[in-house]
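Asker: First the structure, which I've put down as structure tokens, then a few questions once you've had a look.
The values are calculated or read from the model by the stated rules, or taken from the named source; none is laboratory data. Predicted, not measured: the structure shown is a model, and the values here were computed from it. Neighbour counts run over all protein chains shown; Cβ positions are idealised from the backbone, glycine included. Protein only, heavy atoms only, side chains kept; ligands, DNA and RNA dropped before computing areas. Shrake-Rupley method; radii C 1.70, N 1.55, O 1.52, S 1.80 Å.
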Amino acid sequence: MKVLVSGIVDFSTIDYPKKCSAVIFLYDCNMKCPYCHNLKHILEHKKEMTVEELFNNIDFFFADAIVISGGEPTLQKDAIIEIARYAKEKGFPVKIDTNGTNPEVIEELVKNKLIDYVAVDVKCKFDKYREFTKCEEDGEEIKKKILKIINLCKNNNVFVECRTTYVPKIMNEEDIEEIAKTVKDCDLYAIQQFEPKDAYDEEFRKIMPPKEEELIKLGKIAKKYINNVIIRTVNGVFEI
Ligand code: SF4
């Protein structure tokens, strides 16, 4: 089994909440989110390796968990199952970051007890999905898939986070309210501060990031539907 890898970070304190993790970035994505600061790098870097070679390339001096990220890691179904199994055999908790388009892959991980934490991006209001992400799928379809992932995780004791990167001008309070209402059963909802630097779409590099006060206000809107809400900014993580 070969894995297409775009990058490895040996040590991160932000990718797996409350843990120090090694992060594996897998090649390719089925979306083109205008704020993405990974996509360019992901598409330009592709290294083929076995799972064993991949783990031999990670310095585990500090990491006590594994994050499988991307790109969209579920595009490499067999590879992520093998990575998660390998990590579990070594005793690491495993988190996956996904855009939610392949719930059947998450199901396989959940049912085989290979995953501890699933972070699902909810990119925008569902009727704006196609336009915003340049994804082929309809927003209503993606909504069903995200709800399926939340259900799966809740029924199998896997922590599920939903998260939205808030882009001013493109999104508004109504969008966050609709998203929060929809994903209300998740364990944690995170509103993330949009960071224009290195955004995939040049036009988005000109948009100012939202202020913390604005994010707190949005967090309070989400809190009407979800108990556990945080905001993630360049200055850290704040509970609402
Ligand atoms: S933000 Fe995630 S889903 Fe969107 S283009 Fe980047 S890697 Fe793909």
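Asker: Just for strands (runs of 3 or more DSSP E) wholly inside region 1-77: which have at least 3 residues that are away from the ligand (no atom under 16 Å from the Cβ)?
Answerer: Per the criteria, 2-12, 47-50.
Quick grid of which residues meet (1) exposed (fewer than 15 other Cβ atoms within 10 Å of the Cβ); (2) within 19 Å of Pro17 (Cα to Cα); (3) basic (Lys, Arg):
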| position | (1), (2), (3) |
| --- | --- |
| Leu147 | no, no, no |
| Thr164 | no, yes, no |
| Lys169 | yes, no, yes |
| Ile179 | no, no, no |
| Thr182 | no, no, no |
| Cys186 | no, yes, no |
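Asker: Being farther than 19 Å from Ile14 by Cβ, part of a loop (DSSP other than H, G, I, E, B) and open to solvent by less than 40 Å² (accessible area, probe 1.4 Å) is the filter here, so list the residues in region 197-218 that pass it.
Answerer: Selection gives Ile207 alone.
Asker: When you check Ile231 against the structure, is it away from the ligand (no atom under 16 Å from the Cβ), at pLDDT 95 or above and either farther than 24 Å from Tyr117 by Cα or surrounded by 20 or more Cβ atoms within 10 Å (Cβ to Cβ) (or both), yes or no?
Answerer: yes
Asker: If you scan region 91-103, which residues turn out to be on the phi > 0 side of the Ramachandran plot and open to solvent by 10 Å² or more (accessible area, probe 1.4 Å)?
Answerer: Gly91
Asker: Show the residue pairs that are 6+ apart or on different chains and have beta-carbon atoms under 6 Å apart, the first residue being within region 65-90 and at positive phi, the second being open to solvent by 10 Å² or more (accessible area, probe 1.4 Å) and within 16 Å of the ligand (Cβ to nearest atom).
Answerer: Gly71/Tyr27; Gly71/Asp28; Gly71/Cys29
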